[in-house]
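Chemist: Sharing a structure below in structure tokens format, with a few things to ask.
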Amino acid sequence: MTETPPPRRARAEIDLGALRANVRTLRARVAPHAQVMAVVKADAYGHGAVRCARAALDAGVGWLGTATPHEALALRAAGITEADARILCWLWTPGDPWADGVAAGLDMTVSGMWALREVVEAARQTGKRARVQLKADTGLGRNGCQPADWPELVGEALKAESQGLLTITGLWSHFACADEPGHPSIASQLDSFHTMLEYAEKAGVEPEVRHIANSPATLTLPETHFDLVRPGIAMYGVSPSPELGTSADFGLRPVMTLAASIALVKQVPAGHGVSYGHHYVTERETHLGLVPLGYADGIPRHASGRGPVLVGDRVRRVAGRVAMDQFVVDLGSDTVEPGAEALLFGPGDRGEPTAEDWARAADTIAYEIVTRIGARVPRVYLNG
């Protein structure tokens, strides 16, 4: 059921029932001993972090994942307590609120010596043990500690642990190409992770959790599940890679439906230019429908002339350029009344496009399509 009346201009409908079902599907794919972390970074990939986090917790997850400490602290401020969920955050910068993270009981990722120094100082300030997870760079080349620097980081973290300043709660890494079946880097990274785990554990680290599996690895690489998996985009019912399979192939249902109300319908003659630059000119007398969404709302300008929209019983294409606040569809001989629904994407049940269809139209990935939908588009929560 809908908790608030749907806004007329535009809305992103978030089906929390679908999200809970997706979480249960993902949980069923991992070994009973492996826990599930619901990744809710970037405002839950555009779906709304607090509401999605609570829905995932209702479905049985015990961990939440965020990129920044501010995202993690916002979950705590919203009432998600340490008793409700462990929260791991991994993208820290010098001067970030480490002390607040310690006080809030966050599991904080450390990838280098500067970060270890800051978290140790935060523990001293708060008088509370910090919960720390050491991240290994096994080949992604982004965050994480290089193998050559791993002995120093592990040794200094163990020293701080022996002094009562922190507890090393986890060891983890992240895949570069798990969404590309058979890519040689997958085996290489897994080997490197095993080596770095072995070193840390022989040195004395006793982690609660070891983890490397993201959405594609959760779905297709059971040997990577270890103690915890970290599904992100899959939890929202979007396939992490068309090469791996569709959402339906994995038993997942898209959670977000993006819809708008047609703002204007008018008849124009043949040869009429449409939108900036007149990249689209009508071939014959036709009806144009105005959709009140644009790139300020997250509609990709790269999908100009190609983005699919269901209006009436037919899928139309964006006519001309996507503007900041609006775009146009050519309705041909059809006509609809202002206020009629334009469905940009959803699960596809009504013949509407999916986020993957928009990704192809914009030469990008479906992750970006859902994540970029802006704050000007209200979220309407269903089945809450």
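The values are calculated or read from the model by the stated rules, or taken from the named source; none is laboratory data. Note that the structure is a prediction, hence the values are computed from the model and not measured. Positions of Cβ are backbone-derived with ideal geometry, glycine not excepted, and every protein chain shown enters the neighbour counts. Just so you know, the surface numbers come from the protein's heavy atoms only, side chains and all, with ligands and any DNA or RNA stripped out. Shrake-Rupley method; radii C 1.70, N 1.55, O 1.52, S 1.80 Å.
Chemist: Report, by chain and number, residues whose modeled amide H sits under 5 Å from the one on Cys145, excluding near sequence neighbours (fewer than 5 apart, same chain).
Modeler: Residues meeting the criterion, in which the H sits 1.01 Å from N, are Lys135, Ala136, Asp137.
Chemist: Which residues' amide hydrogens lie under 5 Å from the amide hydrogen of Gly294, considering only partners 5 or more residues apart or on another chain, with H built in the peptide plane?
Modeler: Counting only residues 5 or more places away or on other chains, the set is Ile299, Gln326.
Chemist: State the answer as a single residue: which of Ala248, Ala303, Val328 lies farthest towards the positive end of the charge dipole of region 196-329, with beta carbon charges of +1 for Lys and Arg and -1 for Asp and Glu, about the Cα centre.
Modeler: Comparing the listed Cα positions along the dipole, Val328 ranks first.
Chemist: Which residues' amide hydrogens lie under 5 Å from the amide hydrogen of Ala213, considering only partners 5 or more residues apart or on another chain, with H built in the peptide plane?
Modeler: The answer is Arg230.
Chemist: Right, here's the next one. With θ taken as phi - 60° and the coefficients 6.51, -1.76 and 1.60, list the Karplus ³J(HN,Hα) couplings across region 89-95 in order, rounded to whole Hz; mark glycine and proline as x.
Modeler: 10, 10, 10, 9, 10, x, x
Chemist: How high is the relative contact order of region 1-144? Use alpha-carbon pairs under 8 Å, at least six apart in sequence, and give a whole percent.
Modeler: 16
Chemist: Something else now. Find out how many positive minus negative residues lie around Arg20, taking Lys and Arg as positive, Asp and Glu as negative, among other residues whose Cβ is under 14 Å from that of Arg20. Please report the intermediate quantities before stating the final value.
Modeler: Numbers: positive: Arg24, Arg27, Arg51, Arg54, Arg253; negative: Asp15, Asp58.
Local net charge: +3.
Chemist: I would also like to ask the following. Within region 241-311, which GluC sites (Glu not before Pro) sit in a loop by DSSP and count at most 12 neighbouring Cβ atoms inside 10 Å?
Modeler: Glu243, Glu283
Chemist: Taking 0.36 nm per residue of sequence separation and subtracting the Cα-Cα distance, how much length would be gained by fully extending the chain between Arg350 and Arg301, in nm to one decimal?
Modeler: Separation in residues times 0.36 nm, less the Cα-Cα distance, equals 15.1 nm.
Chemist: I want the local charge near Arg76. Using Cβ-Cβ distances under 11 Å, sum +1 for each Lys or Arg and -1 for each Asp or Glu among the other residues.
Modeler: Net local charge, Arg76 excluded: -4.
Chemist: Given a cut-off of under 8 Å on Cα pairs at least six residues apart, what relative contact order in percent is computed for region 1-85?
Modeler: Details: 72 pairs, mean separation 24.6, N = 85.
Once divided by the residue count of region 1-85, the mean separation gives 29 percent.
Chemist: Taking the Cα centre as origin and putting +1 on Lys and Arg beta-carbons and -1 on Asp and Glu beta-carbons, what dipole magnitude results for the chain, to the nearest 20 debye?
Modeler: In debye, rounded to 20, the chain gives about 740.
Chemist: Let me ask something else. With +1 on each Lys and Arg Cβ and -1 on each Asp and Glu Cβ, and nothing else charged, work out how big the dipole of region 272-384 is about its Cα centre, in Debye to the nearest 20.
Modeler: In debye, rounded to 20, region 272-384 gives about 300.
Chemist: Between Val328, Val336, Val238, which gets the highest mean-square fluctuation from a Gaussian network model of the chain, Cα cutoff 10 Å?
Modeler: Comparing Val328, Val336, Val238 in the GNM, the peak value goes to Val336.
Chemist: Something else: Take the chain, connect every pair of alpha-carbon atoms lying under 10 Å apart with a spring to form a Gaussian network, then pick out the residue of Asp313, Asp43, Asp357 with the largest mean-square fluctuation.
Modeler: Asp313
Chemist: Separate question: Within the set Lys135/Lys202; Lys128/Lys202; Lys135/Lys159, which residue pairs have Cα atoms separated by over 21 Å? Before the final figure, lay out each step's value.
Modeler: Details: Lys135/Lys202 17 Å; Lys128/Lys202 27 Å; Lys135/Lys159 17 Å.
As for pairs spanning more than 21 Å Cα to Cα, those are Lys128/Lys202.
Chemist: If contacts are Cα pairs under 8 angstrom and at least 6 residues apart, what is the relative contact order of the chain in percent?
Modeler: Contact order relative to length: 19 percent.
Chemist: Now for a different question. Taking a probe of 1.4 angstrom, what is the accessible area of Lys266 in Å², to the nearest 10?
Modeler: 100
Chemist: Oh, and also: For the chain, find the longest principal axis of its Cα atoms and tell me its angle to the long axis of helix 49-58, 0 to 90°, nearest 10.
Modeler: Tilt relative to the chain: about 70 degrees.
Chemist: What whole-number value in Å² describes the accessible area per residue of the chain for a 1.4 Å probe?
Modeler: Per-residue value: 41 Å².
Chemist: While we're on this one: What are the aspartates and glutamates whose alpha-carbon lies under 19 Å from the alpha-carbon of Lys266, with same-chain residues fewer than 8 places away excluded?
Modeler: Glu283, Glu285, Asp313, Asp325, Asp330, Asp334, Glu337, Glu341
Chemist: Sort region 312-382 into rounded, prolate or oblate with this rule: let a ≥ b ≥ c be the square roots of the eigenvalues of the Cα gyration tensor; rounded if a/c is under 1.5, and if a/c is not under 1.5, prolate when a/b is larger than b/c, oblate otherwise. Could the numbers behind the result be given before it?
Modeler: On the way: a/c = 1.42, a/b = 1.34, b/c = 1.06.
Rounded, since a/c falls under 1.5.
Chemist: Residues with beta-carbon under 15 Å from that of Gln326, excluding Gln326: net charge, scoring Lys, Arg +1 and Asp, Glu -1? Let's see the in-between values first.
Modeler: Working: positive: Arg8, Arg9, Lys266, Arg301, Arg316, Arg321, Arg376; negative: Asp297, Asp325, Asp330.
Combined, the nearby Lys, Arg, Asp and Glu give +4.
Chemist: What does the extension gain come out to for Ser185 and Glu121, with contour length at 0.36 nm per residue minus their alpha carbon separation? Provide the component values of the computation, followed by the final result.
Modeler: On the way: separation 64, 0.36 × 64 = 23.04 nm, distance 3.67 nm.
Taking Ser185 through Glu121 to full extension adds about 19.4 nm, to one decimal.
Chemist: Please name whichever of Cys177, His272, Val154 sits farthest to the positive end of the charge dipole of region 147-290, dipole taken about the Cα centre and charges placed at Cβ: Lys and Arg +1, Asp and Glu -1.
Modeler: His272
Chemist: If you build a Gaussian network model of the chain, linking Cα atoms that sit under 10 Å apart, which residue out of Ser239, Ser192, Ser215 swings the most?
Modeler: Most flexible of the set in this elastic network: Ser192.
Chemist: Please identify the trypsin sites (Lys or Arg not before Pro) of region 269-351 that satisfy two criteria: DSSP loop assignment and at most 14 other Cβ atoms within 10 Å. Which are they? Working shown, then result.
Modeler: Working: sites: Arg284, Arg301, Arg306, Arg314, Arg316, Arg317, Arg321, Arg350; in loops: Arg284, Arg306, Arg321, Arg350.
For trypsin sites (Lys or Arg not before Pro) across region 269-351 that sit outside H, G, I, E and B with at most 14 neighbouring Cβ atoms in 10 Å, the list reads Arg284, Arg350.
Chemist: For region 164-256, which whole percent of the accessible surface, found with a 1.4 angstrom probe, sits on carbon and sulfur atoms?
Modeler: Working: 1690 of 3310 Å².
That share works out to 51 percent.
Chemist: What is the helix-to-structure angle for 113-126, meaning the angle in degrees between its Cα long axis and the longest Cα principal axis of the chain, kept from 0 to 90 and rounded to the nearest 10?
Modeler: 80
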